[in-house]
Amino acid sequence: MYRKIFRMAVGILLLILLGGLLTGAAYSQNVNMKIGSVDIQRAINESQAGKEAKKALAKETEKFQGLIAEKQKELQAMRESLEKQGLMLSSDARIAREKELQTRLRDYQRWGEDAQNEMDQKRNEMEKAIFVGLQKAIQKLGADEGYTLIVEKNENIVLFSSKATDLTDRVIKAFDAQTK
């Protein structure tokens, strides 16, 4: 959510800056502006580093799903055992086993939340590392080819962008070459 707000704020600032540049360009006839756009999310997903990160996360998720299934089976077995033996147990023993089941359920829920938060954190760290590399590739491309401005192609910020100004494929190639 903060990322979305941050992107919108950056987009608004870029639009204001772009408006100022365009207004300034109208007053100066000799200014030659070169503007490009990059779809960062697509670049993250389609770059080699992004694909490798996805594979690593998929393996982690698969492992996590296996652990979830295992823990759910344990809890289900406890529940079924309690239901079968519930009438034969003394009141105190039944209450103790119900409390134990409730404790394990809470522990399972906490574990699930913690594991999910850890997975989200790993994904965010991987995306951030890739993003930093993409920024370097974008800056190098912009400097080498004389771009005045390169904006992030984001549906909430850039309302229209010609395919001719889309540098995403070139940025992905430059980034992949940079990371080899």
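Values as computed for the structure displayed
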| read-out | value |
| --- | --- |
| Gained length - Leu159 relative to Trp111, 0.36 nm times residue gap less alpha-carbon distance | 13.0 nm |
| Residue-span extension gain [Ala129 to Ile68] - 0.36 nm each, minus C-alpha spacing | 19.1 nm |
| Partners for Lys128 among lysines (Cα-Cα distance below 20 Å; same-chain residues under 8 apart left out) | Lys4, Lys51, Lys54, Lys55, Lys59, Lys136, Lys140, Lys153, Lys173, Lys180 |
| Those chymotrypsin sites (Phe, Trp or Tyr not before Pro) in region 113-180 that DSSP places in a loop and that have at most 15 other beta carbons within 10 Å | Phe160 |
| Label-point separation in nm, Lys54 to Gln139, each point 7 Å along Cα→Cβ | 2.7 nm |
| Proximal lysines to Lys71, defined as alpha-carbon separation beneath 18 angstrom and excluding residues fewer than eight positions away on the same chain | Lys63, Lys99 |
| Neighbour-limited loop hits for GluC sites (Glu not before Pro), region 144-180 (at most 12 other Cβ within 10 Å; DSSP other than H, G, I, E, B) | Glu155 |
| Modelled FRET efficiency - R0 25 Å, Gln178 with Thr148, Cβ distances, 0.05 increments | 0.65 |
| Extension reserve of the Leu89-Met33 stretch, reckoned as 0.36 nm per residue once the Cα distance is removed | 11.9 nm |
| Translational diffusion of region 70-180, µm² s⁻¹ [Kirkwood Rh, Cα pairs; Stokes-Einstein; 10 °C; 1.306 mPa s] | 82 µm²/s |
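Readers should treat all values here as calculations from the given coordinates under stated rules, not as data from a laboratory. Keep in mind that what you see is a predicted model, and the values were worked out from it rather than measured. Please note: Cβ atoms are built from the backbone with ideal geometry, for glycine as well, and neighbour counts cover all protein chains shown.
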